[in-house]
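Chemist: My questions will all concern the structure given below.
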Amino acid sequence: MSETQTVKEPTPPAKESQGSQVIREIMAGNAVISVLAVVVALVIGGILIAVTDPRVTAAAGYFFADPAATLSAIWSSVSEAYGALWRGATYDPTARTWQGQLGIFETLTFATPLILSGLAVTLAFRAGLFNIGAQGQIILGATFAGAVGFGMHLPPAIHLPAVILAGAIGGAIWGGIAGFLKARTGAHEVIVTIMLNYIAISLVLYLLKNQLKDPNSTNPISPQMDGNAVFPLLLGPNFRVHAGLIVAILAVIGVAWLLNRSTLGFEYRAIGANPKAARTAGMLVSRGYITVMLISGALAGLAGVAQIAGTEKSLDSEIAGSIGFDAITVALLGRSKPWGTFFAALLFGAFKAGGTSMAVNADVSIDIVAVVQSLIVLFIAAPPLIRSIFRIKAARREGASA
Amino acid sequence: MKLELRGITKSFGALVANDHIDLVVESGEIHSLLGENGAGKSTLMNVLYGLHEPTAGEILIDDKPVKFSGPADAMAAGIGMVHQHFMLVPVFTVAENVALGGESTGFAGILDLEATRRKIREISSRFGFHVDPDALVEELPVGVQQRVEIIKALVRNARILILDEPTAVLTPRETDELMDIMGQLKAGGTSIVFISHKLREVKAISDTITVIRRGKVVGSADPSAATTELASMMVGRAVNLTLDKADATPGDETFKVTNLTVMNDAGQRLLDDVTFSVSDGEILAVAGVQGNGQTELTEAVLGLQKHVMGSIMLDGKELVGRSVRQVLDAGVGFVPEDRQDDGLVGEFSIAENLVLDLYTKEPYSRFGSMNRAVIARNAEEKVAEFDVRTQSAQDAADTLSGGNQQKVVLARELARPLKLFIAAQPTRGVDVGSIEFLHKRIVAERDAGTPVVIVSTELDEVLELGDRIAVLFAGRLMGIVPGKSSRELLGLMMAGLPADEARAQLDAPAAGTAGQSEGELP
């Protein structure tokens with residue numbers, strides 16, 4: 001009888017840790033929180049813009065003599081900056097060239113890999129896994145795609161599909177390793193994927209100095225992609241937006257179907273929401289972890305394809321930029337819903353496209369964009385903060401069960 | 001000490017957990033609070049203990065209004081509480097646990113436990129607690145741990161003791177012992193508030209009974225009132241407490257468990273060489289105190305346990321070594337012991353939960369694509385058939401009350417043709433009204449010719465449902481007895497006596513009954 005308290009059922013392989021529960025709460029926040037987080041981040045960004053603007057500082061010098069001057073300086077400083085950001089990301093009638101006027105296509109170009117890698121994070125998350133490794137999966141995807149893209153010469157109808165497939169496989173391998181280790185040994189996917197990011201970057205550097213190096217270059221950079229291996233440009237040579245965008249949109253539709261309509265997605269969501277109940281209902285939780293990480297990695301790998309076959313055209317160690325990490329924010333902001341992720345990726349694409357315009361036209365450091373992005377993460381990660389700022393009531397759950 | 005609650009109201013947002021509750025506990029009386037799960041008993045006691053601040057109303061002690069801003073205030077005013085889940089540090093000794101929070105220290109802050117030990121011995125001998133102050137809490141049986149909680153309150157001079165569902169974790173014998181202790185405390189002048197939903201216990205021990213339903217006091221009753229009367233007050237309508245159950249007409253023995261042993265990762269035997277069989281159209285009820293191998297037994301059948309030896313045959317097919325999906329496909333319906341943890345995905349809709357283990361089958365899905373229309377229609381049917389109280393079948397399962405959640409699980413598991421039905425704690429935390437319904441469904445499944453295994457820690461349920469009763473203790477089978485066996489016999493078996501020894505003891509009354517239950521440690 002003394003064992004009544006100590007004899008507990010064995011811990012299932014998929015027991016949620018405290019940390020994942022916090023992550024779950026963050027990811028499950030509602031759309032209002034996401035929108036408000038963006039608003040608050042932009043407001044604070046605006047304050048930073050105003051504070052660092054010399055015109056505002058100068059006007060503040062005689063604040064008590066003429067407070068209106070300070071306020072109007074603040075207004076013009078912030079509105080100029082955000083105005084430039086907005087125009088740069090959408091449509092700027094003041095730009096010299098007509099191509100330059102249509103920033104919206106730059107936004108779409110930047111958004112393409114973000115959509116794909118954001119989906120990778122979103123999908124894994126819905127199965128209860130926090131895939132921090134999109135960065136490494138993008139790199140592997142780009143490497144595999146590149147190896148097929150510049151290493152071979154195939155007919156046009158075959159080459160691009162082969163590149164896409166190779167990229168997806170590369171990412172899937174990298175994601176699958178994390179899923180396999182999680183399923184078989186219980187190794188936490190966060191740790192494993194972070195480590196795989198480091199391995200990926202070292203691996204690609206090694207390959208760029210050896211097997212994949214462009215013989216005509218002294219830098220660690222690969223040869224150019226074969227002409228048949230790149231995404232066709234959607235709007236002709238004046239715009240960078242490429243057919244990868246179509247792949248990304250198809251992926252959004254596909255992931256939305258997978259999660260909401262398919263039996264596989266039902267399984268993933270059940271595993272993510274309550275692995276013990278999933279197991280009791282006969283689902284194979286460990287198989288779920290492996291397959292979801294394979295698909296997630298493949299999606300991130302496609303983001304790598306979008307980079308190498310869409311915009312960059314050759315492989316270097318910076319191929320993934322910060323996309324793999326922005327993808328996490330994008331998935332957070334999109335509340336780990338496929339279409340939410342899509343729009344969040346558009347927003348981040350707009351930040352990227354408009355950031356340059358803001359730096360050039362309003363003389364505001366492009367770092368402000370990074371600050372705003374970081375603030376968004378902060379506010380999404382701290383829903384209570386947003387709730388207290390806007391006095392949104394949290395759903396009460398106590399009492400009823402007493 | 002007299003305690004009075006006047007017009008206590010406690011609301012959480014829109015939910016009113018307590019609605020103008022008036023309650024008077026006279027000095028030296030045992031006052032029972034009777035109500036279903038979720039009626040608001042615990043909320044009321046948390047208000048009294050200073051854990052919640054009342055929205056309205058006041059608390060009076062000896063006719064003087066008091067205000068508690070935390071348990072410390074309540075304790076200082078002489079109120080002690082024993083929670084349903086013990087608040088003990090397992091690796092501390094009894095004395096250390098009792099001293100915790102009120103430690104007396106000597107020179108240079110050195111802990112002085114001697115005073116505490118003395119007090120424990122004194123209280124222990126006065127009320128017959130038999131508690132050693134130097135024993136490690138984790139090595140004590142649950143019943144003794146509960147006494148440590150009571151001592152904790154008494155050491156702090158509690159004159160009113162709140163016991164929140166104290167018998168939920170006890171064997172029948174330990175329950176009897178607790179009742180004795182309560183009687184002695186009462187004789188010593190301590191008032192007791194006894195919270196329970198078990199009618200038998202409430203009737204046996206109370207001086208006054210107050211019934212709470214949906215946050216309101218619906219009346220008080222005399223302990224001599226009929227059980228059915230109390231039950232209908234509690235539920236708000238007439239309740240049939242005795243199940244109309246025809247005698248079983250057992251067919252072939254299709255479910256056979258032979259020499260089943262289950263070990264944990266450390267190699268401990270949690271289920272030890274258990275053999276039994278169940279016939280078609282028969283209910284085998286498995287009784288025992290929580291944690292004596294019942295969980296392992298049911299999980300072993302389903303294929304959730306890792307280290308399983310022996311054989312589990314269903315309809316001539318071996319189930320050991322099969323995956324959960326294969327076992328389910330072999331025709332096993334399974335209701336897990338903890339529905340929120342294992343039976344349902346809380347954030348999924350009721351409709352989705354109703355196909356949680358059927359989603360790969362037609363017509364719920366085809367070619368890997370779920371058929372939402374069929375799933376929704378299935379949900380409508382099941383919600384109506386099982387009388388699940390919900391606004392919509394598309395609501396999340398965790399918005400349902402415990403009873404309705406259990407109906408969802410049962411509805412799902414009984415939906416397909418079964419060769420075996422296993423339900424663990426089918427009515428735990430379920431309101432009396434739903435219990436009646438769930439029991440009827442289980443008996444209906446039996447009458448349809450399915451062998452049924454029910455695992456329950458509630459003796460009432462075991463006696464009501466079981467055509468035969470198996471008792472587990474420390475992972476071993478104490479024996480299988482007929483369904484109409486006496487509570488005394490089952491109580492002794494649950495405390496670790498094999499069936500024949502228990503019978504022998506009952507046949508030879510007054511011969512060495514003391515110290516039997518605690519002497520037998522696994």
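Chemist: What does the charge count around B:Tyr49 come to, taking other residues whose C-beta lies under 11 Å from its C-beta (Lys +1, Arg +1, Asp -1, Glu -1)? Could the numbers behind the result be given before it?
Modeler: Working: positive: none; negative: B:Asp73, B:Asp164.
Summing Lys/Arg as +1 and Asp/Glu as -1 gives -2.
Chemist: Determine, from the Cβ-Cβ distance of A:Tyr62 and A:Asn30 and an R0 of 45 Å, the FRET efficiency 1/(1 + (r/R0)^6), rounded to the nearest 0.05.
Modeler: 0.50
Chemist: Normalised by the residues of region B:228-381, what does the relative contact order come to in percent, with Cα pairs under 8 Å and at least six apart?
Modeler: Result for region B:228-381 is 16 percent.
Chemist: Exposed loop sites here are GluC sites (Glu not before Pro) in DSSP loop states with at most 14 other C-beta atoms within 10 Å. What is the longest stretch of chain B lacking them?
Modeler: Segment B:104-519 is the longest.
Chemist: Find, among the trypsin sites (Lys or Arg not before Pro) in region B:23-132, those assigned to loop by DSSP (not H, G, I, E, B) with at most 15 other beta-carbon atoms within 10 angstrom.
Modeler: B:Lys67
Chemist: Is the shape of region A:21-390 rounded, prolate or oblate, going by the alpha carbon gyration tensor and its root eigenvalues a ≥ b ≥ c, with a/c under 1.5 for rounded and a/b larger than b/c for prolate?
Modeler: Since a/c reaches 1.5 but b/c is at least a/b, the shape of region A:21-390 is classed as oblate.
Chemist: Each residue of region B:487-492 in turn: what ³J(HN,Hα) in whole Hz from Karplus with 6.51, -1.76, 1.60 and θ = phi - 60°, glycine and Pro shown as x?
Modeler: Listing the rounded values in order: 4, 4, 4, 5, x, 5 Hz.
Chemist: Follow-up. Over 26 Å between Cα atoms: which of B:Lys2/B:Lys67; B:Lys10/B:Lys440; B:Lys41/B:Lys407; A:Lys276/B:Lys41; B:Lys203/B:Lys407 fall into that group?
Modeler: B:Lys10/B:Lys440; A:Lys276/B:Lys41; B:Lys203/B:Lys407
Chemist: To continue, here is another question. Return the sequence-ordered ³J(HN,Hα) values of region B:423-433 in whole Hz as given by the Karplus equation 6.51 cos²θ - 1.76 cosθ + 1.60 applied to θ = phi - 60°, using x for Gly and Pro.
Modeler: Per-residue couplings from phi come out as 10, 9, 6, x, 10, 5, x, 9, 5, 4, x Hz.
Chemist: I would also like to ask the following. Loop-only check: which chymotrypsin sites (Phe, Trp or Tyr not before Pro) in region A:60-169 are DSSP coil with at most 13 other Cβ within 10 angstrom?
Modeler: In loop regions of region A:60-169 (DSSP not H, G, I, E or B), the sparsely surrounded chymotrypsin sites (Phe, Trp or Tyr not before Pro) are A:Tyr62, A:Phe63, A:Phe64, A:Tyr91.
Chemist: Tell me, in nm to one decimal, what length is gained between B:Gln268 and B:Asp176 on full extension, where the rule is 0.36 nm per residue of separation less the Cα-Cα distance?
Modeler: 30.0 nm
Chemist: Computed FRET efficiency, Cβ-Cβ of A:Tyr198 and B:His85, R0 51 Å: what is it to the nearest 0.05?
Modeler: Efficiency, from the Cβ-Cβ distance: 0.70.
Chemist: Kindly state, to the nearest 0.05, the FRET efficiency for B:Gln326 paired with B:Asp460, given R0 = 45 Å and r defined as their beta-carbon distance.
Modeler: Calculated transfer efficiency: 0.80.
Chemist: Using 0.36 nm per residue, how much length does the chain from A:Ile44 to A:Tyr206 gain when fully extended, once their Cα-Cα distance is taken away?
Modeler: 54.1 nm
Chemist: Hey, another quick one. Just tell me which lysines come within less than 24 Å, Cα to Cα, of A:Lys352; anything on the same chain fewer than 8 places away is out.
Modeler: A:Lys313, A:Lys337
Chemist: Then there is this: What does the convex hull of the alpha-carbon atoms of the protein assembly as shown project to on average, in nm²?
Modeler: Orientation-averaged projected area of the Cα hull: 49.0 nm².
Chemist: Here's a follow-up. Using the Karplus equation 6.51 cos²θ - 1.76 cosθ + 1.60 (θ = phi - 60°), what ³J(HN,Hα) coupling, rounded to whole Hz, does each residue of region A:262-276 give in order, writing x for Gly and Pro?
Modeler: Whole-Hz 3J(HN,Hα) from phi for region A:262-276: 8, 5, 5, x, 4, 4, 4, 5, 5, 4, x, 7, 7, x, 5.
Chemist: Additional query: What 222 nm value per residue comes from the helices of chain A, counting each DSSP H run with n ≥ 4 as -39,500 (n - 2.57) and dividing by all residues, nearest 500 deg cm²/dmol?
Modeler: -22500 deg cm²/dmol
Chemist: Longest exposed-loop-site-free stretch of chain A, with GluC sites (Glu not before Pro), DSSP loop and at most 14 other Cβ within 10 Å?
Modeler: Formally, the longest exposed-site-free interval is A:1-317.
Chemist: A further question on this structure: Over region A:249-359, what is the mean sequence separation of C-alpha contacts under 8 Å (at least six apart), divided by residue count, expressed as relative contact order in percent?
Modeler: Computed value for region A:249-359: 19 percent relative contact order.
Chemist: Let me ask something additional. How far apart, in nm, are two points set 7 Å out from the Cα along the Cα-to-Cβ line at B:Leu111 and at B:Glu362?
Modeler: 6.8 nm
Chemist: Here is a further query. Net charge near B:Ala285, counting Lys/Arg +1 and Asp/Glu -1 over other residues with Cβ under 13 Å of its Cβ?
Modeler: With Lys, Arg at +1 and Asp, Glu at -1, the neighbours total -2.
Any read-out appearing in this document is the output of simple, stated calculations on the displayed coordinates, not a laboratory observation. Bear in mind the structure is a predicted one, so any value in this text is a computation, not a measurement. With ideal geometry, Cβ positions are generated from the backbone for all residues, glycine too; neighbour counts draw on all protein chains shown.
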